[in-house]
1. Can you say whether Gly516 is at pLDDT below 90, surrounded by fewer than 15 Cβ atoms within 10 Å (Cβ to Cβ) and assigned to a loop (DSSP other than H, G, I, E, B), as far as the supplied structure shows?
2. Right, Gly540: touching a Gly at 6+ places or on another chain (Cβ under 9 Å) and either without any contact (Cβ under 8 Å) to a residue 60 or more places away in the chain or closer than 14 Å to Lys706 by Cα (or both) or not?
3. Please verify whether Ile146 is closer than 30 Å to Val187 by Cα and not polar (S, T, N, Q), treating the condition exactly as stated.
4. Of all residues in segment 267-318, which are in contact with a Cys (Cβ under 6 Å, 6 or more places away or on another chain) and open to solvent by 10 Å² or more (accessible area, probe 1.4 Å)?
5. Report, by residue number, each residue of segment 597-621 that is over 14 Å from the mean Cα position of the chain (by Cα) and open to solvent by less than 50 Å² (accessible area, probe 1.4 Å).
6. Kindly indicate the residue of segment 623-652 that is over 19 Å from Glu595 (Cβ atoms) and under 16 Å from the mean Cα position of the chain (by Cα) and also surrounded by the fewest Cβ atoms within 10 Å (Cβ to Cβ) among those meeting that condition.
7. Tell me yes or no: at least one residue of segment 361-373 is part of a helix (DSSP H, G or I) and in contact with a Pro (Cβ under 8 Å, 6 or more places away or on another chain).
Amino acid sequence: MPPGPGFHRDGSVLEGALERITFANPETGYTIARIDPGNGNGPDLITAVGPLLGAQVGESLRMRGRWTSHPKYGKQFEVHAYTTVLPATVQGIRRYLGSGLIKGIGPVMAERMVGHFGVDIMHIIEDEPQRLIEVDGLGPKRTAMITAAWAEQKAIKEVMIFLQGVGVSTSLAVRIYKKYGDSSISVVRDEPYRLASDVWGIGFKTADAIAASVGIARDSPERIKAGLAYTLSEAADDGHCYLPAPNLITDAAKILEVPAELITPCLDELAAAEGVMREDVPAEGATQVPAIYLPPFYHSERSVAQGLIRLLAAKEDRLGAFTDVDWDKALGWLRGRTGSPLAPEQEDAVRLALTSRVAVLTGGPGCGKSFTVRSVVELARAKGARIVLAAPTGRAAKRLAELTGHQAATIHRLLQLRPGGEASFDASNPLDADLVVVDETSMVDVILANKLVKAVPPGAHLLLVGDVDQLPSVGAGEVLRDLLSAGTLPVVRLTKIFRQAQQSGIVVNAHRINHGQQPGLTGFGDFFWFSCDDTEETAGLVVDIVARRIPARFGLDPRRDVQVLCPMHRGPAGAGNLNLLLQEALTPFSEKSPERRYGGRVFRIGDKVTQLRNNYEKGAAGVFNGTVGVVTGLSPEDHTLTVLTDEDEKVDYGFDELDELAHAYAVTIHRSQGSEFPAVVIPLTMGAWMMLQRNLLYTGITRAKKLVVLAGSRRALAVAVRTKGAGRRHTALDYRLRGGLALGRRNGQEAYFPGVGAG
């Protein structure tokens, strides 16, 4: 029986140590936890349910809420809010200090500290930390670490107490404190909307909730301007570089729940201060629409167009040796070098890349893009050219290097992006290159494309390679499609499927799907279908395929070689739930191995993980959104988790940075862009019907090198194949490439802008 609760004007109060978390939903914050009320006997543990995300195992909590009775699980405490308190008993103190909450103290050291000082240890850490060196094994360095960690925890707790009233989680409180320090509470109280732009993980909605709690009116101009920027930011997350002004006003009015007539004056003020940029651009039917951009996307789009036009018009030619080359002789030499002849359209692509300062090469799987790129590099190398190869992801860069025998890098590393996102190489300090080849261009967004184009020196050749039928970039823009639709750049589209590729189910079915035809589900050695109409059963089937069937039949490692790609994150067969199931199957809990819970995730050694944001301050040269790796170390004492990335770099994460990581046994197809895996498993269920689209399925299948397994319902497969996909994004790069760059309407004024290179 639970102890008789104390009474509080807000309801019942339960105090106890957090023994373990049995369930936590990182999206809603709902948590099921087991609480030790103080006697340490397992049978007397109490179940607490509610918003407990951020509370760590070992912490002593004071929870406000009410006692309820669950029909299946019996009596439990429904938490409305909680605060952390310091434990008072020897056992509680030992658990608290040994839980890994305080950097520098692990279970063994906690035992020694409590053994030496008893219940006075908390007083010693707080008031006489110099005495900690009395404990065996605690020297000055470790003592200083513990003292600093204790002081930081104490300061963070004060911020947390202030923020709990508006539902801000512990992890965000830590980030706010690290950003603003002692000014945290004043910033939160006086300038809450700063949080949305300054603190990663805090969006407009969280900042808006804080603003409401500190008394900012719903119709205040400050709130409406922040809401307009948020609406444009949400549109950018959906891939749009701009929104037409009527769309923006309508969307913002819904989000802010204020009349549209209040929004227009605020939009005018925002444009006057260049918080947003206005320009009339053509839409479908050649009509002009007033486009509203966030400044980075506006400047990047203009700068990409101007940069490509400048490269095309350069008088210098760093590959001038190919201007009057004997192509029959050159291609004959190449044939002897590679052992294979080029098809006519491949020859056209090779000539174009080596004679035009900008060229675009596109085509589907099995059409020879890779061999064409290799041929371009071989001929350029033969003339002594300085060659630079790049791709958006580490896996794609590795593949490009293996294909060409020449070093390749991710675009981020090539440009040496610095904290803040600025590149070391740009127009004033260009790359030392005669030929720049970029693979997987379909996933390059407009911001990254701008940084890349600015770094290409005048006279150098830029070859952009990609499959335009794949999903567009995760970030804003539709760069590859715009380059092709502009009609002003030299382009070769490879269409012929080579004979050897016609035997591959991956290649054949990718092209069938791309043309709206159902794939062939039998008769191939590299393409398999498992039928299952129930969504939850499909999830279990996928786990069995990954953990047991593929390793048994093909000898592939389920973590290293097999990737589950999902149409969406949510749902029983979505990436979120499949990560939980696959982790339990492939990296289960072990008493011998440490683990660390962060929100709704548990990290263990051996876990496959992915980075969720660009962090320019991690690793040797930053760690970027989409980077995949494996957890190779976890130290409760040092509060550190170590990841070996797919670029073979070891990167350390503090325990307070773990919201930058997610498990990657399963990822969405969108997040898989630019990567290639030996084997791909794709669940297809009607639960994901909103995301079932042709280019999504096509992209997922073309990520596989050796094996594709589809599992799910035939109805879901049919929906995916026949659904063309979302319409075009709001972009104007193609218009700018057709000559719209020079004369435009900026913030309502006709103007000529020579030499604009901002962004």
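1. On the way: at pLDDT below 90: no; surrounded by fewer than 15 Cβ atoms within 10 Å (Cβ to Cβ): yes; assigned to a loop (DSSP other than H, G, I, E, B): yes.
No, not satisfied.
2. Numbers: touching a Gly at 6+ places or on another chain (Cβ under 9 Å): no; either without any contact (Cβ under 8 Å) to a residue 60 or more places away in the chain or closer than 14 Å to Lys706 by Cα (or both): yes.
No.
3. Details: closer than 30 Å to Val187 by Cα: yes; not polar (S, T, N, Q): yes.
Yes.
4. The initial filter retains those residues of segment 267-318 that are in contact with a Cys (Cβ under 6 Å, 6 or more places away or on another chain), namely 297, 301.
Within segment 267-318, Phe297 is the sole residue that qualifies.
5. The answer is Tyr598, Gly599, Gly600, Val602, Phe603, Arg604, Gly606, Asp607, Lys608, Lys618, Gly619, Ala621.
6. So, considering only residues that are over 19 Å from Glu595 (Cβ atoms) and under 16 Å from the mean Cα position of the chain (by Cα), the one surrounded by the fewest Cβ atoms within 10 Å (Cβ to Cβ) is Asn625.
7. The first filter runs over segment 361-373 and keeps only residues part of a helix (DSSP H, G or I), leaving 369-373.
Okay, now just the ones that are also in contact with a Pro (Cβ under 8 Å, 6 or more places away or on another chain), so none.
Within segment 361-373, none of the residues are part of a helix (DSSP H, G or I) and in contact with a Pro (Cβ under 8 Å, 6 or more places away or on another chain).
Quick grid of which residues meet (1) at pLDDT below 90; (2) under 30 Å from the mean Cα position of the chain (by Cα):
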position	(1), (2)
Pro457	no, no
Ala460	no, no
Leu463	no, yes
Leu471	yes, yes
Asp482	no, yes
Leu489	no, no
Leu494	no, no
Ile497	yes, no
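The values are calculated or read from the model by the stated rules, or taken from the named source; none is laboratory data. On a predicted model such as this, the values are computed, not experimentally measured, just so you know. Reconstructed Cβ throughout: ideal geometry from the backbone, glycine too, with neighbour counts over all protein chains shown. In case anyone asks, the SASA skips ligands and DNA or RNA and just uses the protein heavy atoms, side chains included. Shrake-Rupley method; radii C 1.70, N 1.55, O 1.52, S 1.80 Å.
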